[in-house]
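> The structure under discussion is supplied below as structure tokens; questions concerning it will follow.
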Amino acid sequence: MRLARPLSPPSPLALLALCAVLAAPASAHDFWIEPSTYRPEPLQRVTLRHRVGAHFLGAPVPRDEDLLVRFATLSRNGELRVPGVHGMDPAGIAQAPESGTLVVAYESRSSVAELTPDKMARYAEEEGVAAQLPAGWQGKPLLRDRFARSVKSLLVVRGGGSAGFDRVAGLPLELVPLADPAALAAGGALPVRLLWQGKPMPNLQVAALSRLDPSKPLVARTDGDGRVSFTLPRTGEWLVKAVKILPGGDGADFASVWASLTFVAGEP
């Protein structure tokens with residue numbers, strides 16, 4: 001995937017991240033938040049990194065104020081902007097509340113990626129979006145995808161319960177757990193609802209990847225209420241993701257919105 005718009009002005013970290021994406025295979029398009037800890041102590045400061053890659057292996061993505069629509073934490077204390085420095089990695093820093101779950105939410109403006117038909121075919125198969133793509137895309141020598149990110153991470157304060165794990169952040173495309181991930185044991189069921197503009201999104205593929213075995217994702221499609229359920233074979237760090245395709249416009253063949261959710265299942 002070739003990014004048509006690099007960070008401006010480019011920093012060494014930005015160039016490193018871009019080179020990693022360019023050198024990666026076609027599937028290197030996942031984006032997620034990686035906190036320094038998913039289980040902070042009360043009022044602990046936590047660094048928040050942006051990652052882009054595939055199979056839960058990613059290059060760092062420095063903070064880009066030009067792309068940032070919203071980068072915030074939500075907790076029992078309300079919503080707070082995540083502070084940070086443009087061009088730097090980590091992308092931000094947050095403070096845990098005294099108890100409960102801290103939801104970290106990130107929304108980006110759109111960027112443009114160019115894909116060959118072969119890369120587009122692999123993308124369509126892996127993400128289950130072939131039926132959403134515009135007719136005739138296979139006959140084009142190059143396709144332009146105007147993509148944006150809707151990203152969340154769940155941090156649970158130690159010793160303070162996990163209230164707020166199902167808090168809706170209001171992202172354009174959003175994954176919301178309907179059971180408490182922190183309370184799951186290996187073999188437990190995790191139901192998730194996918195929302196588009198705040199409403200349940202049916203018939204969209206959702207995948208769940210374990211950090212310990214990312215080459216074997218769990219894959220399901222949402223039902224009429226936007227729900228899927230995964231039986232997680234292990235506890236630990238998980239990435240759940242989904243993609244929605246939209247009409248392109250402004251010279252793009254199509255647009256896409258990528259949602260992801262990272263969390264730790266069970267108590268580490």
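> Just to be sure I understand, how many residues within the stretch 165-221 are without any contact (Cβ under 8 Å) to a residue 12 or more places away in the chain and either surrounded by 16 or more Cβ atoms within 10 Å (Cβ to Cβ) or hydroxyl-bearing (Ser, Thr, Tyr) (or both)?
The number of residues fulfilling the criteria is 1.
> For the stretch 109-131, does any single residue satisfy the condition of being surrounded by fewer than 17 Cβ atoms within 10 Å (Cβ to Cβ) and modelled with pLDDT of 95 or more?
Yes, some residue in the stretch 109-131 is surrounded by fewer than 17 Cβ atoms within 10 Å (Cβ to Cβ) and modelled with pLDDT of 95 or more.
> Now a separate question. Can you name the residue in the stretch 151-194 that is part of a strand (DSSP E or B) and farther than 15 Å from residue 106 by Cα and, of all such residues, is farthest from the chain's Cα centre (by Cα)?
The extreme case among them is 189.
> Residue check, residue 20 against (1) small (Gly, Ala, Ser); (2) at pLDDT 95 or above; (3) assigned to a helix (DSSP H, G or I), all met but one. Which one?
(2)
> Right, here's the next one. If you check residue 231 against the conditions, is it under 16 Å from residue 181 (Cα atoms), crowded, with 20+ Cβ neighbours inside 10 Å and at pLDDT 95 or above?
no
> Considering every residue within the stretch 50-62, establish whether at least one is surrounded by fewer than 21 Cβ atoms within 10 Å (Cβ to Cβ), touching a Pro at 6+ places or on another chain (Cβ under 7 Å) and not β-branched (Val, Ile, Thr).
Checking the stretch 50-62: at least one residue is surrounded by fewer than 21 Cβ atoms within 10 Å (Cβ to Cβ), touching a Pro at 6+ places or on another chain (Cβ under 7 Å) and not β-branched (Val, Ile, Thr).
> For the stretch 249-268, which residues satisfy the criterion of being under 21 Å from the mean Cα position of the chain (by Cα) and part of a strand (DSSP E or B)?
Selection gives 254, 255, 256, 257, 258, 259, 260, 261, 262, 263, 264, 265.
> Of all the residues that make up the stretch 222-240, how many are acidic (Asp, Glu) and touching a residue at least 60 places away in the same chain (Cβ under 8 Å)?
1
The values are calculated or read from the model by the stated rules, or taken from the named source; none is laboratory data. Note that the structure is a prediction, hence the values are computed from the model and not measured. Don't worry about glycine lacking a Cβ; one is built from the backbone with ideal geometry, like all the others, and counts go over all protein chains shown.
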